Amino acid sequence: MSNRSVLLDLVCAQRRQMKFLLALLIASGLFVGLSVLFIEPGDASFPILVVDIVLVVGCFVFFSTAYWYCTKRAMDE
């Protein structure tokens, strides 16, 4: 077994928890979206907002892709 296959097996074993994590990321995205309404580019907290947006969007893309792949992989087996 290759290292990639072992890593994918470990990630796909956590597929049930990914649903919960995706729900938390969606809620975090809504809160970040609400923050966008009140923070302007000149504010001191603007860099934190940008980092939050990058983290939430990046994590959402990664985990939604992983969930899709693991679901597809489980259906093929």
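Since every read-out is calculated from the coordinates, none of them should be taken as a lab result. Computed from a predicted model, the values in this text were never measured in an experiment. Reconstructed Cβ throughout: ideal geometry from the backbone, glycine too, with neighbour counts over all protein chains shown.
Rounding to the nearest 20 debye, state how big the charge dipole of segment 3-76 is about its Cα centre with +1 on each Lys and Arg Cβ and -1 on each Asp and Glu Cβ.
520 debye
Between the helical axis of 46-76 and the dominant principal axis of the chain, each derived from Cα atoms, what acute angle in degrees is found, rounded to the nearest 10?
That works out to roughly 20 degrees.
Rounding to the nearest 10 and keeping the result within 0 to 90°, find how far the Cα-based axis of helix 15-38 lies from the longest principal axis of the chain.
Tilt relative to the chain: about 10 degrees.
For segment 3-76, build the charge dipole from Cβ charges (+1 Lys, Arg; -1 Asp, Glu) around the Cα centre, then report which of ILE26, ALA13, PHE46 sits farthest towards its positive end.
ALA13
Any chance you could run the full-extension gain for ILE39 through VAL51? It's 0.36 nm times the residue separation minus the Cα-Cα distance, nm to one decimal. Intermediate values should be presented prior to the final figure.
Working: separation 12, 0.36 × 12 = 4.32 nm, distance 1.34 nm.
This chain segment gains 3.0 nm when fully extended.
How large is the helix-only mean residue ellipticity at 222 nm for the chain, computed as the sum of -39500 (n - 2.57) over DSSP H runs with n ≥ 4, divided by its residue count, in deg cm²/dmol to the nearest 500?
So the helix-based figure for the chain works out to -29500 deg cm²/dmol.
Expressed as an acute angle from 0 to 90° and rounded to the nearest 10, what is the orientation of the C-alpha long axis of helix 3-12 relative to the principal long axis of the chain?
That works out to roughly 70 degrees.
From Cα pairs below 8 angstrom and at least 6 apart in sequence, can you work out the relative contact order of the chain, rounded to a whole percent?
Values: 29 pairs, mean separation 34.2, N = 77.
Here the relative contact order equals 44 percent.
State whether segment 3-76 is rounded, prolate or oblate according to the following rule on the C-alpha gyration tensor (a ≥ b ≥ c being the square roots of its eigenvalues): a/c under 1.5 gives rounded; otherwise a/b larger than b/c gives prolate, and the remaining case gives oblate.
On the way: a/c = 4.12, a/b = 2.65, b/c = 1.55.
Prolate is the answer for segment 3-76, as a/c is 1.5 or above and a/b outweighs b/c.
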